[in-house]
Amino acid sequence: MIEPKYYHARVIILIDEYDVPLKAAYEASRDHHNTYYQNMTSFLRSVLLSALKDNEYLERAVFTGCLRIAKESIFTGMNNFHVYSLMDPVSAVDFGFTQEEMDETLRYYHLEKDSPLIKEWYDGYSFGGVDIYNPWSTFQYLFNVLYGGVHQP
């Protein structure tokens, strides 16, 4: 990891949809009675152990996926990790924009008048009892307004 040498900061590794290759391998193994799933599990475990275990330059790693993380699968051999669900209040605000963050963003761009429309269209998630805005959709909306003058979803 070269970043700490130049920036004097530890890195954060983000892995989205970590479970997609596992699911595909599982389905292929099931349909064709082969060892693809075992091979994929072994491969991912090896890669993750190399990147994460005892890495002095790593601040943390964040995985997202639909399958529940099992400590006995690709994460065997790793310690000091916690599994959080979107339903856990401690992590609820980490997976989108809260109302406060959305209000602050709209104030920054002088778009407070668009708040009701954005709330109607993009405030569709509730994680751990917290209403959350979809980041990708809200950024697309802001981009369309700021660079195209279009104030519609």
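No lab work stands behind these numbers, since they all come straight from the coordinates. Predicted model only: the values in this text are computed from it and were never measured. Here the Cβ is made from the backbone with ideal geometry for all residues, glycine too, and neighbour counts use every protein chain on show.
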Quiz item: Taking segment 111-136 only, how many residues are more than 16 Å from the chain's Cα centre (by Cα) and under 16 Å from residue 152 (Cα atoms)?
Solution: 13
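Conditions (1) among the acidic types (Asp, Glu); (2) over 14 Å from the mean Cα position of the chain (by Cα); (3) within 30 Å of residue 118 (Cβ to Cβ), marked per residue:
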position: 36; (1), (2), (3): no, yes, no
position: 39; (1), (2), (3): no, yes, no
position: 45; (1), (2), (3): no, yes, no
position: 61; (1), (2), (3): no, no, no
position: 85; (1), (2), (3): no, no, yes
position: 97; (1), (2), (3): no, no, yes
Exercise. Considering (1) assigned to a helix (DSSP H, G or I); (2) within 26 Å of residue 140 (Cα to Cα), say which one residue 62 fails and leave the rest.
Key: (1)
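Residue-by-condition table, conditions (1) within 28 Å of residue 134 (Cβ to Cβ); (2) in a loop (DSSP other than H, G, I, E, B):
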position: 5; (1), (2): no, no
position: 9; (1), (2): no, yes
position: 13; (1), (2): yes, no
position: 17; (1), (2): yes, yes
position: 103; (1), (2): yes, no
position: 114; (1), (2): yes, no
Practice problem: Working only within segment 91-125, note down all residues that are among the hydroxyl-bearing types (Ser, Thr, Tyr) and surrounded by 13 or more Cβ atoms within 10 Å (Cβ to Cβ). | Solution: 91, 98, 105, 115, 122, 125
Quiz item: Counting only residues that are aliphatic (A, V, I, L, M) and in a strand (DSSP E or B), how many does segment 33-59 have?
Solution: 1
